[in-house]
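So the structure is just underneath, and the comments pick up after that.
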Amino acid sequence: MGESNQSVTSDFTLMGLLSHSGPHLVLFSLVAVIFTMGLLGNSILLFLICTDSRLHTPMYFLLSQLSLLDVGFLLVTIPKMAANFLQGEGSISFGGCAAQMFFLMLMGVSEGVLLSLMSYDRYVAVCHPLHYPVLMRRQVCLLVVATSWLSGVLVASIQTSITLHFPYCASHTVDHFFCELPALLKLSCADTSAYELSLSISGVLILLLPLSLITTSYSHVLRAVLCMHSAETRHKAFTTCSSHITVVGLFYGAAMFMYMVPGTHHSPQQDNVVSLFYSLVTPTLNPFIYSLRNREVRMALVKVLGRTGFMSKR
């Protein structure tokens, strides 16, 4: 009992992703550049959506929430990893570990739900354009966003409290570069097999149900796009939806590997790579996937640059 209580107040040690060797210093610089690009890209997209009236539409409102979640992913994981690397240590308090796990779970679940609801938005826009102003009115958009955030809070609260309830009376060294649920479960001195099984089952509900909605929505969208007579309209709809499908593939592929495949079937090194992918690479790519392939966003950026005098100076 004393060991269990002691585990609650003890710090954890994160193994980290990088050492101070030459190749890893280069990789750290690359991570820093990607992190800066991701933070800047999502912040610019948020700013454009808030300030340009042409982007005050349901699709861009949902996209702004996606960017907000991506900023959260970047800020929760990478600064701590960078600080540990620069300081040459990997300690993190019990509270800090709990906060990392809670917010990562919150943002992951919220983003999964949001992506599925964004696919419904595209389905309505392409398949029922005349009903779009009614089906995606402001109240519906707010309900959609509230659903995604509340589902994230609910799942994160339950999963984090259960995980931290287990006794950690052995090693406190987390073989990961941040506190993530599967990595922490490996340290528990209690039998977690039943909980890991329930986690895989809940993963089916949390991941596969939204994914089935996305698949259904985009199958209808693809059928409608192929039947369009106007080549320009067909190209615009296909471009927008293909960018959404790309985001979905990147996000769900990594999430399913981490939370649906049992921990015994993948190594800590694989976990680190996959986690780096969805906590850094995907949040960085999302704004560029949307903005570089979207004329309205490019026009809004040009307008802002022209207003600040940047374009005229060039």
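The values are calculated or read from the model by the stated rules, or taken from the named source; none is laboratory data. Small disclaimer: the values here were computed from a predicted structure and weren't measured. Glycine gets a Cβ as well: all are built from the backbone with ideal geometry, and neighbour counts include every protein chain shown. The protein model used for the area step is the full one, side chains on, heavy atoms only, and it has no ligands, DNA or RNA in it. Shrake-Rupley method; radii C 1.70, N 1.55, O 1.52, S 1.80 Å.
Some observations on this one:
- Per residue, the convex hull spanned by the Cα atoms of the range 25-137 measures out at 121 cubic angstrom.
- D by Stokes-Einstein for the range 119-239, Kirkwood Rh over Cα pairs, 4 °C, 1.567 mPa s: 72 µm²/s.
- Entry comment: accessible area of the chain is 49 Å² per residue, from protein heavy atoms only and a probe of 1.4 Å.
- Normalising the average separation of contacting C-alpha pairs (under 8 angstrom, six or more residues apart) by the number of residues puts the relative contact order of the chain at 27 percent.
- Ordering GLN270, LEU185, SER212 by the projection of their Cα atoms onto the charge dipole of the range 23-292, which places +1 on the Cβ of Lys and Arg and -1 on the Cβ of Asp and Glu, puts SER212 at the extreme positive end.
- When a 1.4 Å probe is rolled over the protein heavy atoms, the share of accessible surface on the chain that falls to carbon and sulfur comes to 70 percent.
- Working ranking of peptides 69-79, 226-236 by packing, defined as the average number of other Cβ atoms within 10 Å per residue, highest first, is 69-79, 226-236.
- Rounded tilt (10° steps) of 138-165 against the dominant C-alpha axis of the chain: 10 degrees
- Most to least packed among 285-291, 51-57, 171-177 [average Cβ atoms within 10 Å]: 285-291, 171-177, 51-57
- Residue-wise HN-Hα coupling along the range 215-220, computed from phi with Karplus coefficients 6.51, -1.76, 1.60 (Hz; x: Gly, Pro): 4, 5, 4, 6, 5, 5
- Compared with the dominant Cα axis of the chain, that is its longest principal axis, helix 94-127 is turned about 20°.
- Mean shadow area of the chain over all directions, Cα convex hull, nm²: 18.9 nm²
- Here the chain is assigned +1 on the Cβ of each Lys and Arg and -1 on the Cβ of each Asp and Glu. Its dipole about the Cα centre then comes out at about 1720 debye.
- One way to sum up the overall shape of the range 91-135 is the equivalent ellipsoid from its Cα gyration tensor, whose semi-axes run 39, 7, 5 Å, largest first.
- Each listed q (0.19, 0.24, 0.25 Å⁻¹) maps to a log10 I(q)/I(0) for the range 83-179, found by the Debye formula over equal Cα scatterers with no solvent: -0.92, -1.18, -1.23.
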